[in-house]
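What follows is calculated from the coordinates using simple rules that are stated; it is not laboratory data. Remember, predicted model here, so these are calculated numbers, not experimental data. Here Cβ is always computed from backbone atoms with ideal geometry, including for glycine, and neighbour counts include all displayed protein chains.
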Amino acid sequence: MSEPFEPKIVAFVCTYCTYAGADLAGTSRIKYAPNVRIVRLPCTGRISPMFILKALQKGADGVLVSGCHPGDCHFAQGNYHARRRWTVFRSLLSFTGIPEERIKFSWVSAAEGAKFAELINDVTEQIRDLGPFEQYQELQKVIETQSSY
Amino acid sequence: MTRILLHDRLDDCLAAWRSSGFRVLAPTRRDDLTRFDEVRSAAEMALDIIMPERTIKDHFFLQTEPMIRYRIKKQEIDTEEMLPPEQKRLFFGVRPCDASGLAIDDQLFGWDYKDAYWFQRRENSVIVTIACTKADDFCMCTSVQLSPDSTKGSDVMLHPLKDGRGWQVVTLTDRGKSLVDGIASILQEGTAETAPTASVPVKFDVDKVASWLADPASFESHLWKEVSQRCIGCGSCTFLCPTCHCFDIQDEGDTYSGIRRKNWDSCSFAMFTMHTSGHNPRNTQSTRWRQRIMHKFNYYRGKFDVNSCSGCGRCTRQCPVDMGITETLQVISNLPR
Amino acid sequence: MGIQEQYRIEAAELLSSGAVKLVIGYGQGSTPDRRRPVFIRSAEESKQLLLDSYCVANLSGYLVPEGLLSDGKSVGVFLKPDGIRSVNILTAEAQVNPDQVVIFGFDIENGNTKPLSGRKAIDFAPLIESMKSTGLSPELQHEADRLEQMSASERFEYWKAQFAKCIKCYACRQVCPMCYCRRCIVDVNQPQWVNTSSHTLGNFEWNIVRAFHLAGRCVACGGCDRACPVNIPLRLINHRMSKEALDAFDHFAGESADQKPVLATFRQDDPETFIL
């Protein structure tokens, strides 16, 4: 019996909303899929597309980026800047053939513990259906072999 | 005994070579670029071009090459050498300039220690060169003491026949001889008139250039700034040069394991001589350009008695701002004595 | 009198009077159809200046490096509208003082050059504004459409083949007027964000990062595309980014010297079609 594929998902979240929401899910004892590795940043405005690329490079099958709802950013404007960045970055990924469905964005507030758990569960299942990110990971494997015959 | 290889027997040669374990690489046009790549039929070869945009160097000194795999354990670090595979390769349709680049670089990669990565590939490869019957405005092999039919670096030389049916085959080395003996049944005996080689006018006096460069007063000449004003400091000329060989060592990995790699580097890059202290002895493009010319026509010559240049002209052909070695050497060559 | 002659005379006058210390223009290249950047410092040298339909390179990139403008003096430069937009962007990003840039404006239409009247970037404002309304290049859009019609995995295979050719020569970066960072992100190794090795993965990362950093800043001068020695169609990626900036944020790069950079500003009602 083969093991089901367990996707590796990296979540870049802001401290004051989504991370707090994740915390709330924990203290409320709400179960959610263990596939996610959470990386806490002060604000989504700090999240550079480099982080997303790095996560993919290191073997993530999916990436989640989540922060405060527009208007509620702890630093007033960080998430507005992030939103613009993500709009542009998504179109770039899509144009180069990196599936947009693997990079997800959301707004989760500090009070939305249940939403966070549901989000993680949904995202995990969606990435599980997409399967491992073999296209990218194959590029990683080719690095190790001798090119040029 | 002279022999002839006809065009329409080339596929038979390919089949023979492949079945004896060679991978055959030839100039080919793929994905909007001409370069040496594996071919399985003569139809895939692009032999009518002046020269492929990328050089044959790419297959001996790889643009990025794994050297060692390392694993960091509690008490020690395990390393595993990653040498090139022992794969026989045949390079068909090489230009004399590209072949000479290999011979020129052999001296560097073998002078203080033998670079295993380079030589393992060299020892497993046979170079079959085709003499040039046409050249363009950028070719300058004749200016650097080479020629459109130079045999330097080649194992077999093919001279195009005047009637266009094929090539006259000349074996140059033992490796070449055993290759040609292996296809003896496919070749025809006899001679035929060969086409005249390309006419490549000499553009500068390389010996005069070398002696000007060797003069210490030339180092501070205002000429360097003047000729390099438009240089933007990209690596195109160095990376496309059959003889350029600078590299950078990079470790790629994570906390516990990774691969140490050898990557192409360029003296044109601003960061090339950047010290950890932040000091950069070559912090202007003109000093970097000076170094490039000095290295190729002064330092390398002094050490190895040969110009680090095969005269292919790619540096100028491909330069985004029409720089390249030729013009600088012409300017130096035309300086009043 | 043709535009070439007219501009030679003007360049000579500006140089002799000391109004500019340097004129950056086009001169004869190493073959009849090549033009190269030339740096004219005296009236006598202005005879080297050429202007014809082969003069396509965007010369604004030479305004930025090595402290050229730090002595407060002015520099003349031959620019097409794309180059004028570049000057606007450089001004908006505080890299160039537009009062120090004297523009010899021209455009190429049907194989002929025509002069554009104006001296400083601001003089060309009506022209640049009218460019925005005509939108981005239809030819580029047509080429990009071909890619958009492929499936994501076909696109990935296409770009994988293209980026496998990349040798990380950085000609694209060096020729681009917008790539002026003292230390490019790929030259940072604390931490190393982008693999410097030129394997396909490293090449993918480099080209994606550069395209992202150019989003809303690229003026489609074509410099990177022409400079690439391995013929990667960089124009397509940069065009796609320009299109996104225009469609999503109504941002046309280089529209004016006080235009805010597209990713350094925002609107509260920016589109958010993809938030879960």
### Query
What dipole magnitude, in Debye to the nearest 20, does the stretch B:206-333 give about its Cα centre under +1 on Lys/Arg Cβ and -1 on Asp/Glu Cβ?
160 debye
### Convex hull of the stretch A:9-144 built on C-alpha atoms - directionally averaged projected area, nm²
7.9 nm²
### Query
Per residue of B:311-322, how many C-beta atoms from partner chains lie within 10 Å of its own C-beta, taken as a mean?
5
### Summary
The relative contact order of the stretch B:260-337, taking Cα pairs under 8 Å that sit 6 or more residues apart, comes to a percentage of 15 percent
### Task
Figure the gain on full extension for B:ASP215 and B:ASP163 (residue separation times 0.36 nm, minus the Cα-Cα span) and round it to one decimal in nm.
13.7 nm
### Approximate spin-label separation C:ALA161-B:ALA184, in nm, with each point projected 7 Å along Cα-to-Cβ
4.3 nm
### Message
Run the reach check for B:LYS162 against lysines, Cα to Cα strictly under 27 Å, same-chain hits fewer than 8 apart removed. What comes back?
### Response
B:LYS134, B:LYS152, B:LYS177
### Task
Give the cysteines in chain B for which no other Cys Cβ lies under 4.7 Å away, or write none if there are none.
B:CYS13, B:CYS132, B:CYS139, B:CYS141, B:CYS231, B:CYS234, B:CYS246, B:CYS267, B:CYS309, B:CYS319
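Would you mind calculating the relative contact order of the stretch C:187-254 from Cα pairs under 8 angstrom and at least 6 residues apart, reporting the percent as a whole number?
Taking the mean separation of contacting Cα pairs over the length of the stretch C:187-254, I get 29 percent.
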### Query
Got the relative contact order for chain B handy, in percent, Cα pairs under 8 Å and 6 or more residues apart?
21 percent
### Query
In the stretch A:9-144, what is the count of Lys pairs whose alpha carbons are under 25 Å apart, counting only pairs at least 8 residues apart or on separate chains?
7
### Query
So if we plug the beta-carbon distance of B:ILE77 and A:GLU100 into 1/(1 + (r/R0)^6) with R0 = 51 Å, what FRET efficiency do we get, rounded to 0.05?
0.80
### Task
Positive end of the charge dipole of the stretch C:138-251 (Lys, Arg +1 and Asp, Glu -1 on Cβ, about the Cα centre): tell me which of C:TYR180, C:CYS224, C:VAL209 has its Cα farthest that way.
C:TYR180
### Task
Towards the positive end of the charge dipole of the stretch C:51-182, with charges on Cβ (+1 Lys, Arg; -1 Asp, Glu), say which of C:VAL102, C:PHE163, C:VAL87 has the farthest Cα.
C:PHE163
### Task
For a quick protection proxy, order the peptides C:10-17, B:115-122 by their average other-Cβ count within 10 Å, most packed first.
B:115-122, C:10-17
### Query
Average partner chain C-beta neighbours within 10 Å, per residue of C:155-165?
5
### Query
For the residue pair A:ALA111 and B:ALA46, what label-to-label distance in nm results when each label sits 7 Å from Cα along the Cα-to-beta-carbon direction?
6.4 nm
### DSSP loop GluC sites (Glu not before Pro) with at most 10 other Cβ within 10 Å: longest gap in chain B
B:194-337
### Task
Please list C:165-174, A:125-134, B:59-68 highest first by mean number of surrounding beta-carbon atoms within 10 Å per residue.
C:165-174, B:59-68, A:125-134
## Note on the structure
Note to self: C-alpha centroids of the stretch B:1-55 and the stretch C:166-220 sit apart, in Å, by 35 Å
### Summary
Across B:274-286, the residue-averaged tally of Cβ atoms belonging to other chains within 10 Å stands at 1
### Message
Given R₀ = 30 Å, what would the calculated FRET efficiency be for A:LEU130 paired with C:THR273, taking r from the Cβ atoms and rounding to 0.05?
### Response
0.90
### Message
Roughly how far apart, in whole Å, are the Cα centres of the stretch B:266-286 and the stretch C:43-81?
### Response
25 Å
### Query
Using 1/(1 + (r/R0)^6) with R0 = 35 angstrom and r between the beta carbons of B:LEU335 and C:ALA125, what's the FRET efficiency to the nearest 0.05?
0.15
### Task
Taking the dipole about the Cα centre of chain C, with the C-beta of Lys and Arg at +1 and of Asp and Glu at -1, give me whichever of C:ILE275, C:CYS55, C:ALA152 is farthest to the positive side.
C:CYS55
### Message
As an exercise, take the mean of 1/r over every pair of distinct alpha carbons in the stretch C:3-133, invert it, and state the Kirkwood radius in angstroms.
### Response
14.8 Å
### Query
Where Rh is the Kirkwood radius over the Cα pairs of the stretch B:195-337, the temperature 20 °C and the viscosity 1.002 mPa s, what D in µm²/s does Stokes-Einstein return?
128 µm²/s
### Task
Please work out the Cα convex hull volume for chain C and give it in Å³ per residue.
160 Å³
### Query
Using a simple charge model, +1 on the beta-carbon of Lys and Arg, -1 on the beta-carbon of Asp and Glu, nothing else, what dipole does the stretch B:3-189 show about its Cα centre, in debye to the nearest 20?
240 debye
### C-alpha center-to-center spacing [the stretch B:223-254, the stretch B:60-98] in angstrom
22 Å
## Note on the structure
Per the rule of 0.36 nm per residue minus the C-alpha distance, extending B:THR2 to B:ASP136 adds in nm 45.2 nm
### Query
Taking the convex hull of the alpha carbon atoms in the protein assembly as shown, what volume per residue do you get, in Å³?
204 Å³
